[in-house]
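The values are calculated or read from the model by the stated rules, or taken from the named source; none is laboratory data. Being a predicted model, the structure only gives us computed values, none of them experimental. When we count neighbours, we look across all protein chains shown, and the Cβ atoms used for this are built from the backbone with ideal geometry, even at glycine. The accessibility values were calculated without ligands, DNA or RNA, using every heavy atom of the protein model including side chains. Shrake-Rupley method; radii C 1.70, N 1.55, O 1.52, S 1.80 Å.
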Amino acid sequence: MNALAATNRNFRHAARILGLDSKLERSLLIPFREIKVECTIPKDDGSLVSYVGFRVQHDNARGPMKGGIRYHPEVDLDEVNALAQLMTWKTAVADIPYGGAKGGIGCTPRELSKSELERLTRVFTQKIHDLIGIHTDVPAPDMGTNAQTMAWILDEYSKFHGHSPAVVTGKPIDLGGSLGREAATGRGVVFATEALLAEYGKSVKDLTFVIQGFGNVGSWAAKLIHERGGKIIAVSDITGAVKNPKGIDIPELLKHKETTNSLKDFPGGDAMDSSELLVHECDVLIPCALGGVLNRENAADVKAKFIIEAANHPTDPEADEILSKKGVIILPDIYANAGGVTVSYFEWVQNIQGFMWDEEKVNNELRRYMTKAFHNIKNMCKSNDCNLRMGAFTLGVNRVARATILRGWEA
């Protein structure tokens, strides 16, 4: 089942639990605006090449729309739609005053030079500059984009609208980026994990962890879990997988990855088959990479007691049912990985005030938001007698529906 179908299914289930009016339900599903633009740039060799760029703005009932821009060969409207909708519910779960959006350009960033990427980013910005804005739609980095991409968007946007640091988040610190933003998603995953484990009278330091994906999110989550005394017994990324039943020395693994760009040949552990990783014996499994990795083929063999969805949509609905029947507790993506967008919100607030916070304040506020959201989800679970995924979806959908009704959608 693709991401869009799964998100729609979760939304409809939540709408049924909440007893939403069917007209309102349809209205909430339809995106506010879909943008598709042609971006033609000269390559370094002088030839012209065209790419298609998208921006889907899903809902703005609770505030400006917010969401990443990805550069990836498989960017298509369906996927961007699903992710924009997911952002609407995610910002509502985290209780930050945004709606959802998502964008992307169908390209392979590895095959473009830095100057080609800059030209592409600037042309894309020229095409959408009048449709984004501080109080309209605030982009951020995603797969294949980074702080530098945001710096180019900011510069190009500012040529039309004057200096506007709050138009994008995830910027370099020197251009108004927030301290703590880089680690935010991984740190949020750890705060979410701590909140969940506390419900069961457990803590990070007593448990074993397996982490799939060692990019930004996975490596920060691993580092912070290791610092808190959690034992990480297996890690994987595209380059390979490594295990050590006594616990992997994460600072050493980070050094190894930095020098070799790979997890292969790490002296502090044994190589393992990447496909074995998800069904490895452990207490907590944290998928931090791609969607759909837990499916009906492998779900029955998962041995973890808790799954923390740091990736977007790592568990497909069939796996969800199998795992629930086994009694595995799944902390859903729309809550577990909301640390990134929460600190993006802090960055936006700092830019609008023209007053920057120190890193300690950023991290303390993030912990407060993640902990509060967890308790709100638990309350929805109790009042609607549902699992954590539906607790999070009903919480998010209910907040957006209430805002929509209060604004007068039928007039």
Item checked: Odd one out for residue 85 among (1) at pLDDT 95 or above; (2) open to solvent by less than 20 Å² (accessible area, probe 1.4 Å); (3) of a type outside the set (Phe, Trp, Tyr) -> (1)
Item checked: Test set (1) surrounded by fewer than 18 Cβ atoms within 10 Å (Cβ to Cβ); (2) touching a residue at least 60 places away in the same chain (Cβ under 8 Å); (3) farther than 21 Å from residue 92 by Cβ - residue 329 fails condition number -> (1)
Margin query: I need the full set of residues from segment 164-174 which are assigned to a helix (DSSP H, G or I) and either open to solvent by less than 30 Å² (accessible area, probe 1.4 Å) or touching a strand residue (DSSP E or B) at 6+ places or on another chain (Cβ under 8 Å) (or both), in order please.
Written below: 165, 166, 167
Next item on the list: Within segment 20-46, work out how many residues are free of Cβ contacts under 8 Å to residues at least 40 places away in the same chain, open to solvent by 60 Å² or more (accessible area, probe 1.4 Å) and farther than 21 Å from residue 57 by Cα.
Entry: 3
Notebook entry, point to check: Give me the pairs: first residue in segment 83-97 and closer than 17 Å to residue 2 by Cβ, second residue assigned to a loop (DSSP other than H, G, I, E, B), beta-carbon distance under 6 Å, and six or more apart or on different chains, which are they?
Noted result: 84/58; 85/58
Margin query: Tell me the residue from 319, 300 that is open to solvent by 50 Å² or more (accessible area, probe 1.4 Å) and under 25 Å from residue 392 (Cα atoms), please.
Written below: 300
Note to self: Quick check on my filter: what residues within segment 109-135 are under 13 Å from residue 43 (Cβ atoms) and among the hydroxyl-bearing types (Ser, Thr, Tyr)?
What the structure shows: 113, 115
Check: In segment 140-163, which residue that is open to solvent by 20 Å² or more (accessible area, probe 1.4 Å) and touching a His at 6+ places or on another chain (Cβ under 6 Å) is farthest from residue 74 (Cα to Cα)?
Finding: 160
Notebook entry, point to check: touching a helix residue (DSSP H, G or I) at 6+ places or on another chain (Cβ under 6 Å), of a type outside the set (A, V, I, L, M) and surrounded by 12 or more Cβ atoms within 10 Å (Cβ to Cβ), is that true of residue 351?
Noted result: yes
Item checked: Leading residue by the ranking (surrounded by the most Cβ atoms within 10 Å (Cβ to Cβ)) among those in segment 213-229 that are touching a residue at least 40 places away in the same chain (Cβ under 8 Å) and part of a loop (DSSP other than H, G, I, E, B) -> 214
Notebook entry, point to check: Can you pull out the residues in segment 27-41 that are more than 25 Å from the chain's Cα centre (by Cα) and of a type outside the set (Ser, Thr, Tyr)?
Noted result: 38, 39, 41
Check: Do we have residue 383 as open to solvent by 10 Å² or more (accessible area, probe 1.4 Å) and of a type in the set (S, T, N, Q) here?
Finding: yes
Check: Which of (1) assigned to a helix (DSSP H, G or I); (2) crowded, with 20+ Cβ neighbours inside 10 Å does residue 375 not meet, given it meets every other one?
Finding: (2)
Note to self: If residue 330 satisfies all but one of (1) of a type outside the set (Asp, Glu); (2) closer than 22 Å to residue 12 by Cα; (3) touching a His at 6+ places or on another chain (Cβ under 9 Å), what's the number of the condition it fails?
What the structure shows: (3)
